[in-house]
Amino acid sequence: MSVKSTAARRTPRGGAKRRGGEPGLVQLLTPEGERVEHSEYSIDLTPEELRGLYRDMVLTRRFDAEAITLQRQGELGLWASLLGQEAAQIGSGRATRADDYVFPTYREHGVAWTRDVDPLNLLGMFRGVNNGGWDPNENNFHLYTIVIGSQTLHATGYAMGVAKDGADSAVIAYFGDGASSQGDVAEAFTFAAVYNAPVVFFCQNNQWAISEPTEKQSRVPIYQRADGFGFPGVRVDGNDVLAVLAVTRAALEHARSGQGPMLVEAFTYRMGAHTTTDDPTRYRADEEREEWASKDPIARLRTYLEKAGLADEAFYAEIDVESDALAKRVRDGVRNMPNPDVMAIFENAYADGHALVDEERAQFAEYLASFDDAGQPAAHGKGH
Amino acid sequence: MSVKSTAARRTPRGGAKRRGGEPGLVQLLTPEGERVEHSEYSIDLTPEELRGLYRDMVLTRRFDAEAITLQRQGELGLWASLLGQEAAQIGSGRATRADDYVFPTYREHGVAWTRDVDPLNLLGMFRGVNNGGWDPNENNFHLYTIVIGSQTLHATGYAMGVAKDGADSAVIAYFGDGASSQGDVAEAFTFAAVYNAPVVFFCQNNQWAISEPTEKQSRVPIYQRADGFGFPGVRVDGNDVLAVLAVTRAALEHARSGQGPMLVEAFTYRMGAHTTTDDPTRYRADEEREEWASKDPIARLRTYLEKAGLADEAFYAEIDVESDALAKRVRDGVRNMPNPDVMAIFENAYADGHALVDEERAQFAEYLASFDDAGQPAAHGKGH
Amino acid sequence: MTQMPLAKALNESLRKALENDPKVLIMGEDVGRLGGVFRITDGLHKDFGEDRVIDTPLAESGIVGTAVGLALRGYRPVVEIQFDGFVFPAYDQIVTQLAKMHARALGKIKLPVVIRIPYGGGIGAVEHHSESPEALFAHVAGLKVVSPSNANDAYWMLQQAIECDDPVIFFEPKRRYWDKGEVDTTAVPGDLHKAVVVQEGTDLTLVAYGPMVKVCREAAAAAAKEGRSLEVVDLRSMSPIDFDTVQASTEKTGRLVVVHEAPVFYGAGAEIAARITERSFYHLEAPVLRVGGFHAPYPPARLEEEYLPGLDRVLDAVDRALAF
Amino acid sequence: MTQMPLAKALNESLRKALENDPKVLIMGEDVGRLGGVFRITDGLHKDFGEDRVIDTPLAESGIVGTAVGLALRGYRPVVEIQFDGFVFPAYDQIVTQLAKMHARALGKIKLPVVIRIPYGGGIGAVEHHSESPEALFAHVAGLKVVSPSNANDAYWMLQQAIECDDPVIFFEPKRRYWDKGEVDTTAVPGDLHKAVVVQEGTDLTLVAYGPMVKVCREAAAAAAKEGRSLEVVDLRSMSPIDFDTVQASTEKTGRLVVVHEAPVFYGAGAEIAARITERSFYHLEAPVLRVGGFHAPYPPARLEEEYLPGLDRVLDAVDRALAF
Ligand SMILES: Cc1ncc(C[n+]2csc(CCOP(=O)(O)OP(=O)(O)O)c2C)c(N)n1
Ligand SMILES: Cc1ncc(C[n+]2csc(CCOP(=O)(O)OP(=O)(O)O)c2C)c(N)n1
Ligand SMILES: [Mg+2]
Ligand SMILES: [Mg+2]
């Protein structure tokens, strides 16, 4: 693809954003559940679609709560909760098409849900039975990436490949406010712009990188980062599932239609701890959390559904039943998750094999066998 | 320093730039040698100062030409010519104060000149007798950095230290258009903005990164990169020494006065090869070079000096004499540059020593001595 | 003499360094209000302020790169990398800049930067949180690489690393953070790079560092019950390596087993085996054996107990060495 | 059979790969119109277009990171790193992503990415242009590391690396680029990771790879004049290492000297010495000796002739080994 020609193909929207300066949040549903309009982004959903978004968010939150409980019970070693970010994840995930490709961080449980990834798949790495292990190509949902920012380059490369293939699908890369400081993310912006790759950079600004507030990463809103790389950036109310859906749809369409990358900053809040090992009381005030509780993404949509009379009691009751069923399935699934066989240590280090791995595998098997022969158990708790 | 407070201290100039979009080049002297005014940047120099800038540029170019010759003669292993970038380097270098600190790439021979760095110091690494070797603190001019982009972080850290010390000096970091793609440069922007460090990022956009034109690095002008990090960026005619001086002075003053970082993009052109090992005919058209020859920074200033009658023949004649003297000094200096002693291999790997280095040094000395004993010379050309 | 966990000894050591030298700075992700994810910098932000205990943007190359700049300005930055697996974004700045700049300047500038890295497994963590990359730094000239195995060494070696005018990669055995030990804050410490015989023995020498020293001492105790006398050497420094102490012990016992968590392939054990074999060829009753990680990515937590070299694997190597 | 320089053999190999498989891509700085600073990709941009021979932005992490993404999309990127010293900005993507992603996915995805790195000294270059960092990759599980020593291997090993479904770090001996050799484009090549005895001998085994193979053959020739019969093994692969071939040769000659440009400390020689000593303890008449770089930054060009291990230093080690 010629850079010059693509560089020319800059959209009015992009241009508008660039001239526009700080336009404030794109919002279609206020914290009070009022439906409002926006000059550039609109959406028109059927009652069923609206109920679907509500259901997605409730089930995702329930799954997340169950995972926290399982961690407390020792069934999981760690959990990174998405509490508070349901709208940002469901809204953006539901904007993707089956043939789009998603590159998540380690917190995109809601996006995974929209991609029909079995929730149990997500729990393996947190239980410590694997480091991911699902097939990314089954749902076009890449493995969770822990090293901050790395996946934005993978997404960009994948999108470069999509363009080479002449496909009309798009790629979406998730990252956080903290990740915006990583050199890899800036390099991803550069590559995406230069090759006009069909990738949407979706930043969930939950305002915290573990204990560091966003001003330790940037002194201006993160969406503004895009302009200087030559593509549009937009900030959306990340707790407004309708606005997130509308903006992400537009961004993906922007990418699909050959107009190149776009940056979406979903302004949201991490309601819980960074992970189950974190203690937020050490670094942030409760007031902040309470203030954001009033902007809850689920309560907001429910208020709207109720005011607009788009769902009846039966609907909510049914979701409760579904939630309990999901929770039980997750609970049982995790508890019954088998530990990997010890020899799995040597599997999949290489696709085409490696002589040393084979040698070490054989030696270790022999070593383990020596215990059985002698009838003495391996000294557990101390390791082999 | 509190990030919040500093984040607030954003300048109107910065704001103006951010709202302004593409304002075109800041120019005070046209290619035809016409003196023009600019709304935001002005300069008022004495005839002597103007002659000084001319002299700097001519001597720098002569030094550069001499180095190319020395490379052809085999006295240098390599040379990175600054031909065409004299105004960008002399203008910005002359804007610095003695107590400011400079972090160059490998091409800032003109900046070094303005810092009173002995030109011979610059030649050591190109001759292959050392990897730099001068004392950066003697002229507040750091060692040449070859790994693209790295020095922008060193400059930012140094500037953070300046701020901690409460000093009112500033730091300037040089980098190229190609370097603008490196993650390190983006991270330097982030750190400088977050800590409001007194550093000026000076990008010499000479439009080529070896064989790659700038559109392989960015599809928008590089100065625009700054806004999204929260500090002002400005593009200046890099072949206009007056504009470069004015803009860099303003940027350094911006930094010194506690307003934080600023990005200056000097739009110029690499008239020669990337280095003496490069062959530009493989990737760029002669027309381009010729077009830029008409914008030559030295000819431009000379035209102005002559039109304005600010210098007489004696002045030019004197510079010719100076140039020849400089060239001779460089020639003789390089030819007489001694090769380092072989045992220098083991020096300065550590400041506090390292047992293994001591052991290897002793063994190697013994090994070398063994030749003398046997009276046989070391097998040169093959290495030891 | 006071009892404290290794983590607390590091905290006290940093506090002392901040008190002793106004040029000492602490930088890293979450080292401020939070006190670091392992609380090694707990309370320092409160007592020394954000100008000296600096929460940085989330960018390791930026952290080390700006630390280099601060060192050039006369500061002595002590950088925290949150976990072993996250040092790699900074690897370029460490290898091409931090390690080489002193030589590049022919000694005219110094880079007193300490990079603290909690390393190793055994804490049931997710990927990238349990690695032992020390060989990747020890191979690089210009760096010094050390690792304490106990609270007292943690306290003193960190002081010495901070006082050192060379860049020091300081590997902290994270699974030993909570192990208590005597710390003598008044003692005069030995050379930072000197290995120490922590257990006298006559039949075979075990060399280890960081988290594996404890395992080797346990192995020696277990072996003693079977009437085998193992000498245990705490290497403490992986660059430089105190080969003299290892050689002396090996020539005394005639047998050497090197133990580390890091993968054996191209690991520290290879360097020690090669050099000691060259120095003590005729003294060795058996080849130097190595116990360590396999040539595979660090496994998921549920397998690390089997993966990590423990008592049994060390004793198995001892048996094999003694069988020669 | 045609005579060509090693550089040309690489160029022909890349051309063949581009022709054989539409999924093969070439990426890097200046690999397009310029054909790379060493002209290894000369003419490929012209013949295959900018969609397959891609000039990238100046960002190594970005190059490798996007190559990973392209591989996930089904492509087979062949990445060029311009010089050895510039691979480090990409080190994080190589070590934490490229090397581990196949295992992270429990084998469900493959990462067929080749990273070509011109390495080593001897060309009179400035800093960062003469390094030998192979050990820093060989220590990392998930990567394969190879280096050809001659034109025919350059041609075939690069083909095999590109066909391999694992990431391969392909080290090119830059000072041998201009050395001519026979290339048999019709031959059926052996295993990519098999070491080859390139010179039969009986008194001592020299093991080397890449640029040092030539030096070792010269040393063997010189030794022959003194009536000493040296066997020379071209290792070809630093991960995995064909220990069987090295062991067989060592047990035949009883003596082993490993030679490489990279610093000896924590280098490939250490791994080979440790493992062969363990395997062949009773066959060794002398300790395995190592010849290589010193523990110091690569020196300025005017010193590299003295720094680089040459004929004399190899023969000195041979003398020392034979003196045992
Ligand atoms: C390269 C790297 N450095 C450090 C870490 C440790 N770490 C894990 S999550 C995190 C904070 C990430 O913040 P953000 O990007 O905002 O994402 P969030 O956790 O808020 O979703 C850090 C520092 C890491 N995983 N990778
Ligand atoms: C990290 C790194 N990658 C690659 C190189 C090789 N290299 C040297 S100069 C150069 C181009 C630099 O272009 P630019 O930043 O525009 O500076 P200029 O040479 O034009 O002054 C490249 C790719 C390097 N020195 N460092
Ligand atoms: Mg966050
Ligand atoms: Mg340039």
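The values are calculated or read from the model by the stated rules, or taken from the named source; none is laboratory data. Computed from a predicted model, the values in this text were never measured in an experiment. In this analysis, Cβ positions are derived from the backbone assuming ideal geometry, glycine residues included, and neighbour counts consider all displayed protein chains.
So here's what we get for this one:
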read-out	value
The listed residue being more than 7 Å from every other protein chain (Cβ to nearest Cβ), away from ligand 4 (no atom under 16 Å from the Cβ) and over 17 Å from the mean Cα position of the chain (by Cα), out of A:ALA112, A:ALA167	A:ALA167
Among (1) in a helix (DSSP H, G or I); (2) buried (at least 18 other Cβ atoms within 10 Å of the Cβ); (3) at pLDDT below 95 - the single one A:GLU287 does not satisfy	(2)
So A:GLU75, is it in contact with a Gly (Cβ under 9 Å, 6 or more places away or on another chain), assigned by TED's automatic domain parsing to the domain that holds A:VAL162 and modelled with pLDDT of 95 or more	no
Residue within the range C:44-51 that is at the interface with another protein chain (Cβ under 7 Å from one of its Cβ atoms) and not in a loop (DSSP other than H, G, I, E, B) present	no
Which listed residue is of a type in the set (S, T, N, Q), assigned to a loop (DSSP other than H, G, I, E, B), within 30 Å of C:HIS139 (Cβ to Cβ) and more than 10 Å from chain C (Cβ to nearest Cβ), from B:ASN348, B:ASN339	B:ASN339
Checking D:ALA138 against (1) in contact (Cβ under 8 Å) with a residue 60 or more places away in the chain; (2) more than 9 Å from chain C (Cβ to nearest Cβ); (3) within 27 Å of C:VAL64 (Cβ to Cβ), the condition it does not meet	(2)
Failed item in (1) farther than 20 Å from B:GLY166 by Cα; (2) in contact with a helix residue (DSSP H, G or I) (Cβ under 9 Å, 6 or more places away or on another chain); (3) more than 12 Å from chain B (Cβ to nearest Cβ), with C:VAL37 passing the rest	(2)
Where a residue in the range D:22-46 is closer than 20 Å to D:GLY62 by Cα and its partner, wherever it lies, is within 16 Å of ligand 3 (Cβ to nearest atom) and assigned to a loop (DSSP other than H, G, I, E, B), with Cβ under 9 Å and at least six apart	none
Among (1) β-branched (Val, Ile, Thr); (2) more than 11 Å from chain D (Cβ to nearest Cβ); (3) assigned to a loop (DSSP other than H, G, I, E, B), the one test that C:ILE115 misses	(3)
Number of the exception - A:VAL234 against (1) in contact with a helix residue (DSSP H, G or I) (Cβ under 7 Å, 6 or more places away or on another chain); (2) touching a residue at least 12 places away in the same chain (Cβ under 8 Å); (3) within 16 Å of ligand 3 (Cβ to nearest atom); (4) within 30 Å of B:LEU263 (Cβ to Cβ)	(3)
Subset of the range B:53-71 [under 14 Å from B:ASP332 (Cα atoms) and of a type in the set (Phe, Trp, Tyr)]	B:PHE63
Qualifying residue in the range C:24-43 (condition: away from ligand 1 (no atom under 16 Å from the Cβ) and surrounded by fewer than 21 Cβ atoms within 10 Å (Cβ to Cβ))	yes
Filter result for the condition that a residue is more than 19 Å from C:LYS144 (Cα to Cα) and out of contact with any helix residue (DSSP H, G or I) (no Cβ under 7 Å at 6 or more places or on another chain), over C:GLY210, C:GLY227	C:GLY227
Criterion (under 25 Å from B:SER81 (Cα atoms), more than 16 Å from ligand 2 (Cβ to nearest atom) and under 26 Å from the mean Cα position of the chain (by Cα)) met by exactly one of B:ASP278, B:ASP286	B:ASP286
Flag if C:GLN93 is facing chain B (nearest Cβ under 10 Å), in contact (Cβ under 8 Å) with a residue 24 or more places away in the chain and among the polar types (S, T, N, Q)	yes
Members of the range C:270-283 found to be in contact with a helix residue (DSSP H, G or I) (Cβ under 7 Å, 6 or more places away or on another chain) and either crowded, with 22+ Cβ neighbours inside 10 Å or acidic (Asp, Glu) (or both), listed by number	C:ALA270, C:GLU271, C:ILE272, C:ALA273, C:ALA274, C:ARG275, C:ILE276, C:THR277
Answer residue from the range A:176-224, given it is more than 8 Å from every other protein chain (Cβ to nearest Cβ), assigned to a loop (DSSP other than H, G, I, E, B) and surrounded by fewer than 24 Cβ atoms within 10 Å (Cβ to Cβ) and is nearest to ligand 1 (Cβ to nearest atom) among those	A:GLN207
Lone qualifier among C:VAL79, C:VAL113 - being crowded, with 24+ Cβ neighbours inside 10 Å and either of a type in the set (Phe, Trp, Tyr) or touching a Lys or Arg at 6+ places or on another chain (Cβ under 7 Å) (or both)	C:VAL79
Filtered residue count, the range A:180-196, keeping only those that are more than 16 Å from ligand 4 (Cβ to nearest atom), in contact with a helix residue (DSSP H, G or I) (Cβ under 6 Å, 6 or more places away or on another chain) and farther than 19 Å from A:GLU253 by Cα	9
Where D:ALA99 falls short, out of the listed (1) without any contact (Cβ under 8 Å) to a residue 24 or more places away in the chain; (2) within 16 Å of ligand 1 (Cβ to nearest atom); (3) within 24 Å of the chain's Cα centre (by Cα)	(1)
Subset of the range D:146-165 (residues that are in contact with a helix residue (DSSP H, G or I) (Cβ under 7 Å, 6 or more places away or on another chain) and either within 17 Å of D:HIS102 (Cα to Cα) or assigned to a loop (DSSP other than H, G, I, E, B) (or both))	D:PRO148, D:SER149, D:ASN150, D:ILE162
Condition broken by B:PHE191, with the remaining ones in (1) within 14 Å of A:GLU187 (Cα to Cα); (2) out of contact with any Asp or Glu (no Cβ under 7 Å at 6 or more places or on another chain); (3) more than 8 Å from ligand 2 (Cβ to nearest atom) satisfied	(1)
Of all residues in the range D:280-312 being hydrophobic (A, V, I, L, M, F, W, C) and at the interface with chain B (Cβ under 7 Å from one of its Cβ atoms), the one that is nearest to D:ILE123 (Cα to Cα)	D:ALA301
Residues (farther than 10 Å from C:LEU106 by Cβ and surrounded by 24 or more Cβ atoms within 10 Å (Cβ to Cβ)) located in the range B:129-142	B:PHE141, B:HIS142
Which listed residue is among the small types (Gly, Ala, Ser), within 16 Å of ligand 1 (Cβ to nearest atom), more than 14 Å from chain B (Cβ to nearest Cβ) and outside any loop (DSSP other than H, G, I, E, B), from A:ALA159, A:ALA173	A:ALA173
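So that you can scan it fast, the table gives a plain yes or no per residue for (1) farther than 12 Å from C:MET212 by Cβ; (2) not aliphatic (A, V, I, L, M):
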position: C:VAL246; (1), (2): yes, no
position: C:PRO263; (1), (2): yes, yes
position: C:ALA270; (1), (2): yes, no
position: C:GLU278; (1), (2): yes, yes
position: C:LEU289; (1), (2): yes, no
position: C:PHE294; (1), (2): yes, yes
position: C:GLY310; (1), (2): no, yes
